[in-house]
Structure formats: C-alpha cells, structure tokens
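Undergrad: Structure incoming, see below.
The values are calculated or read from the model by the stated rules, or taken from the named source; none is laboratory data. This is a predicted model, so every value here is computed, not measured. For neighbour counting, all protein chains shown are included, and Cβ atoms are generated from backbone atoms with ideal geometry for every residue, glycine included. Ligands, DNA and RNA are excluded from the accessible area calculation, which covers all protein heavy atoms including side chains. Shrake-Rupley method; radii C 1.70, N 1.55, O 1.52, S 1.80 Å.
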Amino acid sequence: KMLPDKKAPNWIKGRTANQECEITIRCVRLPSEVAEWLDLHQDMIREIWTESSNEKHQKYQEMQRQQFKEDFLSHLEQHSKSKRLIRLIKNHLCAFGPKRCGPNLLLNKALRSEESLLHKSLDSNQLPS
C-alpha cells in the first residue's frame with residue numbers, strides 16, 4: 001500500500017509485500033509548454049517506440065527517434081528552469097505514459113544513464129517493451 005509522505009509533499013512511500021524493499025515515488029510537474037509539446041507528439045512517440053520487424057521501417061524509426069530526441073531536449077532546455085530536472089530526464093527516462101505515448105514521464109533513478117530512452121542505442125532490439 002502506497003501512502004503519501006506527510007513530511008514531503010509530492011512524495012509517496014510504500015513497501016513490498018514482504019517488507020524487504022521500500023519504494024519511493026515523487027511527482028514533479030513538467031513545465032506546461034513541455035507537457036503540451038509531448039501531448040501534441042503522442043502519435044510520433046507511439047510510432048517511433050513501437051517494435052517493427054520490417055527492416056526498412058526500423059531504419060525510418062531510428063532516424064525519427066534521433067530527431068525526436070533532439071527536438072524534445074531542445075524544447076525541454078528552452079522551457080525548463082531546472083537543470084537538475086533536465087539531467088534526470090536525460091539520464092533516467094524509461095517510459096512515456098499513459099499508454100506508452102503520453103506526456104507523463106517515468107524516471108527511474110536505478111536505471112543506468114546508458115539505458116535511458118534518450119541515451120539508449122537506437123538499435124531496435126533495445127526498445128522498451
């Protein structure tokens with residue numbers, strides 16, 4: 001069961017069923033311009049991070065992912081005042097949501113930076129499932 005942390009707003013803490021691990025989740029608001037940009041680009045997010053067995057389509061996806069990455073980071077740096085948030089997104093982005101294509105970002109600080117969606121090799125075998 002996840003409960004809000006009374007001492008820290010926007011934080012939720014919980015433990016696994018066996019009480020061996022504690023999970024902490026923090027909600028951080030993206031700048032509205034960035035959230036709106038992601039919302040407008042949901043179809044592109046869905047398209048470029050959906051696995052394809054067609055080699056020609058995979059090459060197209062690779063080019064689109066690189067362009068999306070550059071555009072997204074540029075937009076993020078332009079509208080975010082927090083250098084820390086930008087760094088966290090670059091190094092720990094593991095999913096978009098809802099439905100893997102929306103404006104919500106899941107950041108996992110346990111994720112190594114080279115595994116982040118924005119750092120990951122554009123090899124289609126490494127796409128998120």
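Undergrad: Could you tell me how many of the residues in segment 98-117 are basic (Lys, Arg) and under 11 Å from the mean Cα position of the chain (by Cα)? First the steps, then the outcome.
TA: Let us first name the residues in segment 98-117 that are basic (Lys, Arg), namely 99-100, 109, 112.
Applying the additional criterion that residues be under 11 Å from the mean Cα position of the chain (by Cα) yields 100.
Qualifying residue count for the region: 1.
Undergrad: Follow-up. Count, please, the residues in segment 20-49 that happen to be among the polar types (S, T, N, Q) and either in a helix (DSSP H, G or I) or surrounded by 13 or more Cβ atoms within 10 Å (Cβ to Cβ) (or both). Please lay out each step first, then the result.
TA: Within segment 20-49, the first condition is being among the polar types (S, T, N, Q), and the residues that meet it are 24, 32, 42.
After this cut, where a residue has to be either in a helix (DSSP H, G or I) or surrounded by 13 or more Cβ atoms within 10 Å (Cβ to Cβ) (or both) as well, the list is 32, 42.
Summing the residues that are among the polar types (S, T, N, Q) and either in a helix (DSSP H, G or I) or surrounded by 13 or more Cβ atoms within 10 Å (Cβ to Cβ) (or both) in segment 20-49 gives 2.
Undergrad: Let me ask something else about it. Among the residues that make up segment 1-10, is at least one of them at pLDDT below 90 and surrounded by 13 or more Cβ atoms within 10 Å (Cβ to Cβ)?
TA: Pass one, segment 1-10, residues at pLDDT below 90: 1-10.
Right, trim to surrounded by 13 or more Cβ atoms within 10 Å (Cβ to Cβ) and you get 5.
Yes; the residues of segment 1-10 include at least one that is at pLDDT below 90 and surrounded by 13 or more Cβ atoms within 10 Å (Cβ to Cβ).
Undergrad: Here's a follow-up. In this structure, is residue 52 modelled with pLDDT of 85 or more and either open to solvent by less than 90 Å² (accessible area, probe 1.4 Å) or within 26 Å of residue 12 (Cα to Cα) (or both)?
TA: Values: modelled with pLDDT of 85 or more: no; either open to solvent by less than 90 Å² (accessible area, probe 1.4 Å) or within 26 Å of residue 12 (Cα to Cα) (or both): yes.
So residue 52 fails the test.
Undergrad: So, one more: Name, by its number, the condition in (1) charged (D, E, K, R); (2) closer than 15 Å to residue 101 by Cα; (3) open to solvent by 80 Å² or more (accessible area, probe 1.4 Å) that does not hold for residue 59.
TA: Unmet for residue 59, out of (1) charged (D, E, K, R); (2) closer than 15 Å to residue 101 by Cα; (3) open to solvent by 80 Å² or more (accessible area, probe 1.4 Å): (2).
Undergrad: So how many residues does segment 58-107 have that are part of a helix (DSSP H, G or I) and not aromatic (Phe, Trp, Tyr)?
TA: 29
Undergrad: Could you grab the pairs with beta carbons closer than 8 Å, sequence gap of 6+ or different chains, first residue in segment 83-96 and touching a residue at least 40 places away in the same chain (Cβ under 8 Å), second one surrounded by fewer than 18 Cβ atoms within 10 Å (Cβ to Cβ)?
TA: Close Cβ pairs satisfying both conditions: 85/28; 96/102; 96/104; 96/106.
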